[in-house]
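Below you'll find the structure, written out as structure tokens, and then a few comments.
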Amino acid sequence: MARTRTALLSVLALLAGLLSLQLGGPAPRATAAPAAFTHPGVLVSRAQLDYARSKVQAGQQPWKAAYDDMLGSSYASLSRTPGPRAVVECGSSSNPNHGCTEERQDAIAAYTDALAWYFTRDSRYAKKSIEIMDAWSSTITDHTNSNAPLQSGWSGATWPRAAEIIKYTYDGGWPGAGRFATMLRDVYLPEVINGAATKNGNWELVMTEAAIGIAVFLDDRSAYDKAVSTYLDRVPAYVYLTSDGDLPKPPADSSIDTEAEIIKYWQGQSTFADGLAQETCRDFGHTGWGIASIADIAETSRIQGQDLYPKIQDRLRYALGFHTAYENGTAVPSWLCGGSVKKGLDQVTEVGFNALHNRLGISMSNTQKYTEAHRPSGTDNYFNAWTTLTHADNPS
């Protein structure tokens, strides 16, 4: 009987496999989206905001210095005039730059004002955030040229953070919220939801961060699930672990599959170690953007009750430790990038460090030294902003 049952199960498994092939591939991953989304819930939750606000009100550090830094920046200026464009054209390295800088920085300003509103309860900041978001949602129709997907990722990762805080905490009303949602769905989501498998990993990761944030604001479970699937494929293709084997994993749905192509994609690096990233030998700046999005996406998933940290925590931990070690002064070995790296990780470690070290109790001495030495984090003027204020030692 046992042998008959085993044979039957084998036949059923074979039939399931054949059916999968007929339908175009393996069965999709289990649904990742929550039954109901938590708001505000893109990168920061209400509990996190309340915790940070209490620290600022008590004058405690590093939150007070981070708050003063934010409020004193040009992004928090109540006299700021938004500069929307109908078509934002961004070529390679933002050349040409027709609205690229204005869009990214207006998105950061909207988020800055939303945070300022929450911390001060001064409605002028909420109104300024709304003014900026309304200006863009009433104007923009498209992104063009080669950097359109990346530009959409940078700005699209920031807009939902601002919109979530305003829509769900400001009681003064936002009549244009529906139009803003339409902008995210029609202008940004199509540019980012399908990823960019053959581009450097920071592209696809920030595009995925934008897609997940937009999905939360839109309560779009399908877009959320698709973005999570892309994320779970991309993270292993961006950060190497020795358990991967002799070579890193190639990006899903790409033509990068031979040893020579993989080494070329990894900037010519042919020796691999835990935490090495696909762009390490390009420079630490672009690598830092990829690491930041890995952490940001996991943080949003945790707020949404579908915690992705357990799935990516080893890669994130090793990536942070690997790069901060060299930022802290460790000598670069000859096998790594020909013995020379271009440092400049920037202020991208706070979210991941807090999640892994403070919440999960993982020892991260290199990352801790680097993070604490770079507080308070400001903004990179692209999509990272004010993470010391929102995430430093934040248990919520």
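The values are calculated or read from the model by the stated rules, or taken from the named source; none is laboratory data. These numbers were taken from a predicted model, which means no experiment stands behind them. Positions of Cβ are backbone-derived with ideal geometry, glycine not excepted, and every protein chain shown enters the neighbour counts.
If the condition is being over 16 Å from ALA163 (Cβ atoms) and acidic (Asp, Glu), then the range 179-207 contributes GLU191, GLU204. Within the range 332-346, is there a residue that is at pLDDT below 95 and within 14 Å of GLY288 (Cα to Cα)? Yes, some residue in the range 332-346 is at pLDDT below 95 and within 14 Å of GLY288 (Cα to Cα).
Just the residues that are more than 14 Å from ILE193 (Cα to Cα) and either touching a residue at least 12 places away in the same chain (Cβ under 8 Å) or of a type in the set (Lys, Arg) (or both), please, taken from the range 234-243. Please lay out each step first, then the result.
At the first step, the residues of the range 234-243 found to be more than 14 Å from ILE193 (Cα to Cα) are 235-243.
Listed by number, the residues that qualify are VAL235, PRO236, ALA237, TYR238, VAL239, TYR240, LEU241, THR242.
Among the residues of this structure, ASP296 counts as one that is surrounded by 22 or more Cβ atoms within 10 Å (Cβ to Cβ), within 20 Å of LEU49 (Cα to Cα), touching a helix residue (DSSP H, G or I) at 6+ places or on another chain (Cβ under 7 Å) and acidic (Asp, Glu).
Using the structure shown, decide if SER229 is within 23 Å of ALA292 (Cβ to Cβ), surrounded by fewer than 24 Cβ atoms within 10 Å (Cβ to Cβ) and of a type in the set (Ser, Thr, Tyr). Give the steps one after another, and end with the answer.
Details: within 23 Å of ALA292 (Cβ to Cβ): yes; surrounded by fewer than 24 Cβ atoms within 10 Å (Cβ to Cβ): yes; of a type in the set (Ser, Thr, Tyr): yes.
Against the criterion (within 23 Å of ALA292 (Cβ to Cβ), surrounded by fewer than 24 Cβ atoms within 10 Å (Cβ to Cβ) and of a type in the set (Ser, Thr, Tyr)), SER229 qualifies.
Counting only residues that are buried (at least 19 other Cβ atoms within 10 Å of the Cβ), hydroxyl-bearing (Ser, Thr, Tyr) and over 21 Å from THR38 (Cα atoms), the range 130-169 holds 3 of them.
Contact map, the range 215-232: first residue under 15 Å from ASP307 (Cβ atoms), second residue assigned to a helix (DSSP H, G or I), Cβ cut-off under 6 Å, separation 6 or more or different chains; pairs are TYR224/ALA215; TYR231/THR208; TYR231/ILE297. Taken over the range 299-340, residues that are touching a residue at least 40 places away in the same chain (Cβ under 8 Å) and either on the phi < 0 side of the Ramachandran plot or buried (at least 22 other Cβ atoms within 10 Å of the Cβ) (or both) amount to 29.
From the list SER377, SER396, which one is assigned to a loop (DSSP other than H, G, I, E, B), buried (at least 21 other Cβ atoms within 10 Å of the Cβ), touching a residue at least 40 places away in the same chain (Cβ under 8 Å) and of a type in the set (Gly, Ala, Ser)?
Details: SER396 fails: buried (at least 21 other Cβ atoms within 10 Å of the Cβ).
Sole residue among the options that is assigned to a loop (DSSP other than H, G, I, E, B), buried (at least 21 other Cβ atoms within 10 Å of the Cβ), touching a residue at least 40 places away in the same chain (Cβ under 8 Å) and of a type in the set (Gly, Ala, Ser): SER377.
Checking LYS64, LYS127, LYS55 one by one, the residue that is at pLDDT 95 or above, more than 30 Å from ALA373 (Cβ to Cβ) and surrounded by 13 or more Cβ atoms within 10 Å (Cβ to Cβ) is LYS127 and no other. Among the residues making up the range 230-249, those that are in a helix (DSSP H, G or I) and either more than 21 Å from ILE212 (Cβ to Cβ) or aromatic (Phe, Trp, Tyr) (or both) are TYR231, TYR238, THR242, SER243, ASP244.
Taking the criterion of being in a helix (DSSP H, G or I) and in contact with a strand residue (DSSP E or B) (Cβ under 9 Å, 6 or more places away or on another chain), the residues of the range 38-85 that qualify are ALA52, MET70, TYR75. Pick out the one residue from ASP219, ASP225 that is at positive phi and among the charged types (D, E, K, R). After ruling out the rest, the residue left standing is ASP219. Considering only residues of the range 342-361 that are touching a residue at least 60 places away in the same chain (Cβ under 8 Å) and assigned to a helix (DSSP H, G or I), which is nearest to GLN267 (Cα to Cα)? Only one residue fits best here, namely GLY352. Which one of these is over 30 Å from LEU232 (Cα atoms) and touching a Gly at 6+ places or on another chain (Cβ under 8 Å): GLY59, GLY99? Result: GLY99 is the single residue among GLY59, GLY99 that is over 30 Å from LEU232 (Cα atoms) and touching a Gly at 6+ places or on another chain (Cβ under 8 Å). Candidates in the range 274-327 are the residues that are out of contact with any strand residue (DSSP E or B) (no Cβ under 7 Å at 6 or more places or on another chain), of a type in the set (S, T, N, Q) and at pLDDT 95 or above; of these, the one that is farthest from ALA157 (Cα to Cα) is THR324.
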